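The next block holds one structure in the form of structure tokens; read it before the comments.
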Amino acid sequence: MTSRTSPLDIRARPRTASPIFAALGLALAAFLTLLAGCERPAPQTAADAPPPSVVAAAAKTESVEDQATFVGRVVAVEKVALRARVQGFLKDRTFTEGQEVEVGKLLFEIEPDQFEAVVQQREADLAKAKADQLNSAAQLKRGQELLKEKNIAQAKVDELQAANSIALASIQQAEAALNAAKLDLGYTKIKAPVGGRIGLSEYTVGNLVGPASDPLATIVSRDPIYVQFPLTQREVLQARRDIKAKGGDPKDVVVQLRLPDDSLYDQVGRINFIDVTTDQGTDTVTLRAQIPNPDGILVDGQYVGVLLQTGKPAAAVVVPQSALQVDQQGAFVLIIDSESKAQVRRIETGPIKGTMIVVKSGLEKGDLVIVEGVQKVRPGQVVAASPPETFEAPDAPAGAAEGGKR
């Protein structure tokens, strides 16, 4: 007899789990256990990071003059364009272009033959005029003797007197013509009217030159030399007030030049002329200074920077230019306080002196200023400071110096 399973028996029987699901469950449990057993390292906090390294220099004091900077042009004291005063062909040129020439040196010579011939002709004219005058003088003397004896009319004597006067005038005319001919002959030799350096020759031997020709060459003097520069009327008035306020004299203003390579010229000068009129277009007046130029470094026509030093030198705080920072509020530097922390210090700057810049206010001598590495620092952050290789920190605060070394 076949037995049948009841539906109730089927529900009561426990169900066996599939092998695949069992394996997945074991793997998941093992992964969670492994993950729970792993220990993550704690993240490093900002407090544990080493302080940024910077280079700091102590503010120091130097003797600084009040300066104002302008742009000027070098102008030769004497500048002469040589021209031919008579027409003729160039016979000779006796100089080398660019050389120094002295006053009176022969530079050019125009063919003199035709001018020598004119001189000889004028000498002959003068000799003839003198001979004619001797004859007219003799005739007048004879007529005057005859007039005493009443053997000649007075009118005839008057004619002889007039003829003699004409002869005397002819002598003067011949002498003037001879002098003019000699001048023209002298103009065939062109000599240096001033001493200086001569430029390029515009004509070579054999060319026809004359008063209508371009300049044959140009001579410029070199030592001393002028520098001209414009100042507005406002600047002139302000400078005069500043100088008088300091008890100075405008005549004592020192002029120094900055050359095109940004170096300072080793000679200084003084202002010797202020123009008597003002440019109506720019409201500027031209000033001129005279400066020694023994080595010929300054050349006529070149541009230079003009530095006017007014007043006597005074002590001022200076720092390297690399320390200066600028934002919307103005100029500032980062200093290192006694706790080795970087702090913002607002400053008022003055003129630049080489690689240094004058600080009018905001800093004192000995304040440690960050000159390198400012981009790595934020205000209030502790820094590790080291001095520049070539800097000797004068009178730095003891606490700041110790705090800057770690």
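Here is a check on your reading of the model: is L160 within 30 Å of K189 (Cβ to Cβ), aliphatic (A, V, I, L, M) and in contact (Cβ under 8 Å) with a residue 24 or more places away in the chain? No: the conditions fail for L160. Put simply, of E364, E392 the only residue that is at pLDDT below 90, in a loop (DSSP other than H, G, I, E, B), closer than 30 Å to R241 by Cβ and out of contact with any strand residue (DSSP E or B) (no Cβ under 6 Å at 6 or more places or on another chain) is E364. In this structure, V77 does not satisfy being out of contact with any Ser or Thr (no Cβ under 9 Å at 6 or more places or on another chain) and either among the charged types (D, E, K, R) or touching a residue at least 40 places away in the same chain (Cβ under 8 Å) (or both). From the list A239, A217, the lone residue that is over 19 Å from the mean Cα position of the chain (by Cα) and modelled with pLDDT under 90 is A239. Taking segment 248-332 and the strands (runs of 3 or more DSSP E) fully enclosed by it, the elements with 2 or more residues that are farther than 23 Å from I352 by Cβ, out of contact with any Asp or Glu (no Cβ under 9 Å at 6 or more places or on another chain) and not hydroxyl-bearing (S, T, Y) are at 264-274. Each residue in segment 333-351 was checked for being in contact with a Lys or Arg (Cβ under 9 Å, 6 or more places away or on another chain), in a strand (DSSP E or B) and not hydrophobic (A, V, I, L, M, F, W, C), and 3 pass.
Residue-wise test of (1) among the charged types (D, E, K, R); (2) touching a residue at least 60 places away in the same chain (Cβ under 8 Å).
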| site | (1), (2) |
| --- | --- |
| G88 | no, yes |
| R93 | yes, yes |
| L106 | no, yes |
| Q114 | no, no |
| V119 | no, yes |
| K130 | yes, no |
| S136 | no, no |
| L140 | no, no |
| Q144 | no, no |
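Quick check: anything in segment 276-297 surrounded by 13 or more Cβ atoms within 10 Å (Cβ to Cβ), of a type outside the set (F, W, Y), more than 14 Å from R73 (Cα to Cα) and free of Cβ contacts under 8 Å to residues at least 40 places away in the same chain? Taking every residue of segment 276-297 in turn, none turns out to be surrounded by 13 or more Cβ atoms within 10 Å (Cβ to Cβ), of a type outside the set (F, W, Y), more than 14 Å from R73 (Cα to Cα) and free of Cβ contacts under 8 Å to residues at least 40 places away in the same chain.
Among the residues of segment 188-220, write down those that are among the polar types (S, T, N, Q) and either touching a Phe, Trp or Tyr at 6+ places or on another chain (Cβ under 9 Å) or in a strand (DSSP E or B) (or both). Matches in segment 188-220: T188, S201, N207, S213, T218. Within segment 85-115, if we keep just the residues that are among the basic types (K, R) and not in a loop (DSSP other than H, G, I, E, B), the residue that is surrounded by the fewest Cβ atoms within 10 Å (Cβ to Cβ) turns out to be K91. Apart from one condition, A176 fits all of (1) among the small types (G, A, S); (2) free of Cβ contacts under 8 Å to residues at least 24 places away in the same chain; (3) touching a helix residue (DSSP H, G or I) at 6+ places or on another chain (Cβ under 6 Å); the exception is (3).
The values are calculated or read from the model by the stated rules, or taken from the named source; none is laboratory data. Note that this is a predicted model, so its numbers are computed, not measured. Every residue, glycine as well, gets a Cβ built from its backbone with ideal geometry; the counts of neighbours run over all protein chains shown.
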